[in-house]
Each structure stands twice: as structure tokens, then as C-alpha cells.
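Input: a single structure, listed below in C-alpha cells.
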Amino acid sequence: MTAATPYLGRRNPTVKAAILLAASLAILGFLDPRPLLGLYALAVAAVGVAGRVPPRTLVLGQVPFVVFGVGLVAVNGLSRPGTPIVPGSPVSAEGLTVGVALALRGLVIGVLTIGFLASTPPRDLMVSLVQHARLSPRYAYPVLAGHRMLAAMPARWATVRAAQAVRAPLRRGRPRFGLSDAGRAAFALLVTSIRSAERIALALETRGLGERSRTVWRPVPIGRGDVVLALVVLAAWVAAAVVDLGL
Amino acid sequence: MSEPTTRRRARLPLRDIVLMVMLGVVFGFLYWALVQAWNGLAVAMGPAGDLAQHLLLGGWLLVAPIAVAIIRKPFVGIIAEVIASVVEVVFLGSPVGPLLLVAAAIQGAGSELPFALTRYRRFGWGLYAASGLLGAGLVFVWSAFRFGWYGQDILALRLGMQLVSGLVLGGLLAKVIVDRLHGTGVLDEFAIGRADAALRGPVVRRER
């Protein structure tokens, strides 16, 4: 942890995860687009400045949320009864408002999630959950092992595919790869992964990981700054709630 | 390898925990690959893309019935689903965000309930079907609240699509996968393999 680490990167992962979950749940109370728009602007600014997430990452990361949001606006505008925005059109004003609010909810949660993931290494999150949230190491270490396995998945998939391609009939000069082949490859991936799960469990057990409490290398700190972060987020949500009720 | 079973009966062996994590990782990876393909299709379908998510929902339920059928202990379905959602959110950056954890816990509870009612002793087609239906049905109540589906004209259509998907992809497909996995011998060291071995009597182990 150096001074070059952005503000969000220095905050405690457990606190950040708790704030993220609480904020995502609390946002379900808003159905007016105006406070949601304010929260969205605040969240983008906070993640950009305090998290120092590059604009490009921030924009690209939100593409799935925007796509999902467009679908929400369209389906709500069309499928909710209400006064048409233009006489004779099938799109209702009430439906559009609800759709925009739902899309904005998704965008706020999305930006906060991007900020959380960009500022939190998985290892720190798991260690912090063990230290501060009383998560059992019996779950933390296997999940961390799972993180490594996930990184190895594309290579495993490629191996299975290469083995299948050797035996596959050719179609237009290339090995066939249809839906059933994909299913077979997925099943092979599952079987080899379960085999390696047994080996990983044995390896963890022989090293005594997951038995009783342990000391931790590079413990993750928790401090006053984390309380400040929680209070700032709480203040933003209260302000949005005031706008929501007042207007 | 000795488990202090007398002191804390509910404690799961490390092997079962790692298996649940691995199921979460493999399915997380496969879903992720599927979602990449899916996103493009959803854009092309426009408003129908929002509806089509219900057809795929059952696939998201798979982890719970598979884990319950293999490990056969209480709460395994819920834990496995939550681990899978952690993999998707924290490691893969799922666009659903942290609320996926809530949805996963609800799905897991729904999928596990039918098996829990038989005290994890029966695993027939009917139970898998009930598991898929309950998982899809319970999470529908939550999603409908979250995405404001109540009050839309197409609520019944959404529910119908989701239940069919849960039945086929989240229930019956799970049994197909578990049976085929069992056939490979890879599950012999888990509860499902032990239950089978107890029925069969002593067996000669295959050489790998």
C-alpha cells in the first residue's frame, strides 16, 4: 500500500463489499429517475476520482448495463398501461418512467461494482473477510484456489477442444464444432475439474489450510477512513431519499 | 483427514467445499462464455431480448441440484449457489452486480427444498423436476420485485417461460448431468458414490 494507491484501493475490502451490497439493496427503494440520475452522476465521479478508474474502463465496463437498460426501457414502455406519450402510440409515459428508473438503478449498481472490482484484489477480499467478517478459512482458501482454477479454464478448454478436433470429422476443411461438440467439451471440462478438485482438497488438507485459526501474511488493515467512506455513501443515499420523497 | 464429527456435526469436509467451489468455477466459466454470445443476440432481439432471459434462466439453477445430489447434506444447495455467484460477481465481474448473491441464495433454497423434504434420500426424476420448478418460481418473486415486472401486461408470460426453463434446464438437465458424471466414476469418493457402493456391496476398483 503506497501513497500512489488510489483512495478506494486503500479502503478495507469487507467494508467496501458491505457498502456495495447495502447500497444495491437500498437503491431498490427508488422509483423516481431524478434522484437516481443524481446518484449515478455521484457514483461515476466517485469511482473515477477516488478509485482512479480510467475513463475507458469505466465506459467499456458499462456497456452490458446500457444494453440491459435499453431492453428494460423498451419493454416497460411497451408493456405497461398508461397515457401514450404521443396520441395513438403504443408507448406509455408511465412505462417509460419506470423503465428509465430501472435502467438507472442497474447503471448505479454497475458503476459501483466496477469501482469495487477495480480497487479490490480477490486475495485481499478473502483475507479481509476471514479477518473482519469471520468467514471460515475452510471456505476462503478453496475460493481463492477457485480463482486460480478460473484463470486456467480457457487453457483447459483449449486442450479439450484440441483433443476433440483431432478426431472430429472435417467440415469445409475444418474440424466440425457444433452444439453437441460444445456440450461434450463442457462435460469433459466438468469431469477433469472435479478430478482436480479432489487433488486440491487433498493439497489444502496436507498443508493444514482450513483447520482452526491461522496467522495471516500481510494482514489487511481496517481503520477510521473506512468509517468515513461508509458515512459518505450513507449521506449520498439519504440525500437521494430526501429528493425522492420531496419531489 | 479426521473430522471432529462429534463436536460440530454440520461441518462439511474440505473435499465437499472444494467441489462446490469447482462447480461454481466451471459453470461460472461456461455461463460467462454463453453470456458473451448472448449479449449480441439480446441487442439484435431488442425488447424481446428482455423476455428471452427467462428461457435461459434454468441454466443458472444447475449448480444447486448437482451439488445436493453429489454431496447430500443440508444447505449444500444454497452454499453452492452463493459460491457460484461470488465467482461470477467478484472474479468474472457479472453485470448483475452484488444482488446476484441474494438471487443465488433464493434460487439455492428453492432448488434444495424438494430434496431436503426427503431428507436427501431420494433423487428421482420427479424430485429434480420439482427442484427446477421451485428454484425458478421462488427467484421469480424476487426478480419481479427488482425489475418491476408486477403491473406489466406480460407477467404471466414471463412466469410461464421461466417455469418451463427451470423444469427443463434447471431440473431434468441436472439429473442427466449427475447421472453421466456418476457413470464416469469421478464421484466415487463423494456421498453419491458411497451411497451407491453401499447398495452394490464390495467392488473391484478400476485402474486409471
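The values are calculated or read from the model by the stated rules, or taken from the named source; none is laboratory data. All of these numbers come straight from a predicted model, not from anything done at the bench. Using ideal geometry, Cβ is built from the backbone for each residue, glycine included, and neighbour counts are taken over all protein chains shown.
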Inset, instruction - Tell me which of these B:Asp153 doesn't satisfy, since it passes every other one: (1) in contact with a Ser or Thr (Cβ under 8 Å, 6 or more places away or on another chain); (2) of a type outside the set (S, T, N, Q); (3) part of a helix (DSSP H, G or I); (4) farther than 25 Å from B:Arg72 by Cα. - result: (3)
Inset, instruction - For B:Ser94, state whether it is among the hydroxyl-bearing types (Ser, Thr, Tyr), part of a helix (DSSP H, G or I) and in contact with a Ser or Thr (Cβ under 9 Å, 6 or more places away or on another chain). - result: no
Inset, instruction - Filter the range B:151-208 down to residues that are loosely packed, with under 15 Cβ neighbours inside 10 Å and either on the phi > 0 side of the Ramachandran plot or more than 23 Å from the chain's Cα centre (by Cα) (or both), then give me how many there are. - result: 17
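Tell me which residues, restricted to the range A:165-191, are among the hydroxyl-bearing types (Ser, Thr, Tyr) and surrounded by 15 or more Cβ atoms within 10 Å (Cβ to Cβ).
First, the residues of the range A:165-191 that are among the hydroxyl-bearing types (Ser, Thr, Tyr): A:180.
Matches in the range A:165-191: none.
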Inset, instruction - Search the range B:12-32 for residues being in contact with a Gly (Cβ under 8 Å, 6 or more places away or on another chain) and either surrounded by fewer than 24 Cβ atoms within 10 Å (Cβ to Cβ) or outside any helix (DSSP H, G or I) (or both), and hand back the single one that is nearest to the other protein chains (Cβ to nearest Cβ). - result: B:Leu14
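Determine whether the range B:104-117 contains at least one residue that is buried (at least 20 other Cβ atoms within 10 Å of the Cβ) and within 14 Å of chain A (Cβ to nearest Cβ). First the steps, then the outcome.
Just the residues of the range B:104-117 that are buried (at least 20 other Cβ atoms within 10 Å of the Cβ), to begin with: B:104, B:107-108, B:110-112, B:114-115.
Applying the additional criterion that residues be within 14 Å of chain A (Cβ to nearest Cβ) yields B:104.
There is at least one residue in the range B:104-117 that is buried (at least 20 other Cβ atoms within 10 Å of the Cβ) and within 14 Å of chain A (Cβ to nearest Cβ).
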Legend entry - Residue list for the range B:61-103, restricted to those being of a type in the set (S, T, N, Q) and either surrounded by 23 or more Cβ atoms within 10 Å (Cβ to Cβ) or away from chain A (no Cβ under 14 Å) (or both): B:Ser85
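Any residue in the range A:92-115 that is over 15 Å from the mean Cα position of the chain (by Cα) and not in a helix (DSSP H, G or I)?
yes
Which of the residues belonging to the range B:167-206 are part of a helix (DSSP H, G or I) and without any contact (Cβ under 8 Å) to a residue 12 or more places away in the chain?
Start the filter on the range B:167-206 by keeping residues that are part of a helix (DSSP H, G or I), which leaves B:167-184, B:191-200.
Within the range B:167-206, B:Val176, B:Asp179, B:Arg180, B:Gly183, B:Thr184, B:Gly193, B:Arg194, B:Ala197, B:Ala198, B:Leu199, B:Arg200 meet the criteria.
Would you confirm whether any residue within the range A:136-144 is polar (S, T, N, Q) and not in a helix (DSSP H, G or I)? Show your work before the answer.
First, the residues of the range A:136-144 that are polar (S, T, N, Q): A:136.
Pick out the ones that are also not in a helix (DSSP H, G or I) and you get A:136.
Scanning the range A:136-144, I find at least one residue that is polar (S, T, N, Q) and not in a helix (DSSP H, G or I), so the answer is yes.
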Inset, instruction - Would you mind finding the one in A:Gly48, A:Gly88 that is more than 11 Å from every other protein chain (Cβ to nearest Cβ) and at positive phi? - result: A:Gly88
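Take the residues of the range B:118-150 that are part of a helix (DSSP H, G or I) and among the β-branched types (Val, Ile, Thr): which is nearest to the other protein chains (Cβ to nearest Cβ)? So that I can check it myself, show each step before the final result.
From the range B:118-150, those part of a helix (DSSP H, G or I) are B:125-146; that's our starting set.
Pick out the ones that are also among the β-branched types (Val, Ile, Thr) and you get B:139, B:141.
Values: B:Val139: 15, B:Val141: 14 Å.
The selected residue is B:Val141.
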Inset, instruction - Starting from the range B:145-166, take each residue that is among the β-branched types (Val, Ile, Thr) and list its partners that are part of a helix (DSSP H, G or I) and crowded, with 16+ Cβ neighbours inside 10 Å, counting only C-beta distances under 9 angstrom and pairs at least six apart or across chains. - result: B:Ile154/A:Val75; B:Ile154/A:Ser79; B:Ile154/B:Leu51; B:Val164/B:His54; B:Val164/B:Gly58; B:Val164/B:Ala136
Inset, instruction - Identify the residue in the range A:193-211 that is more than 8 Å from every other protein chain (Cβ to nearest Cβ) and in a loop (DSSP other than H, G, I, E, B) and, among all such residues, is nearest to the chain's Cα centre (by Cα). - result: A:Leu209
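Every residue, every condition in (1) under 16 Å from the mean Cα position of the chain (by Cα); (2) in a helix (DSSP H, G or I), yes or no:
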site: A:Ala4; (1), (2): no, no
site: A:Leu20; (1), (2): yes, yes
site: A:Leu25; (1), (2): yes, yes
site: A:Arg34; (1), (2): no, yes
site: A:Val47; (1), (2): yes, yes
site: A:Gly51; (1), (2): yes, no
site: A:Arg56; (1), (2): no, yes
site: A:Phe65; (1), (2): yes, yes
site: A:Val73; (1), (2): no, yes
Inset, instruction - Those residues that are under 23 Å from A:Ala241 (Cβ atoms), free of Cβ contacts under 8 Å to residues at least 60 places away in the same chain and among the aromatic types (Phe, Trp, Tyr), I need them from the range A:28-79; list them, please. - result: A:Phe65
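May I ask you to verify whether A:Val98 is within 11 Å of chain B (Cβ to nearest Cβ), at pLDDT below 90 and crowded, with 19+ Cβ neighbours inside 10 Å? Quick ask: steps written out before the conclusion?
Working: within 11 Å of chain B (Cβ to nearest Cβ): yes; at pLDDT below 90: yes; crowded, with 19+ Cβ neighbours inside 10 Å: yes.
Criteria met by A:Val98.
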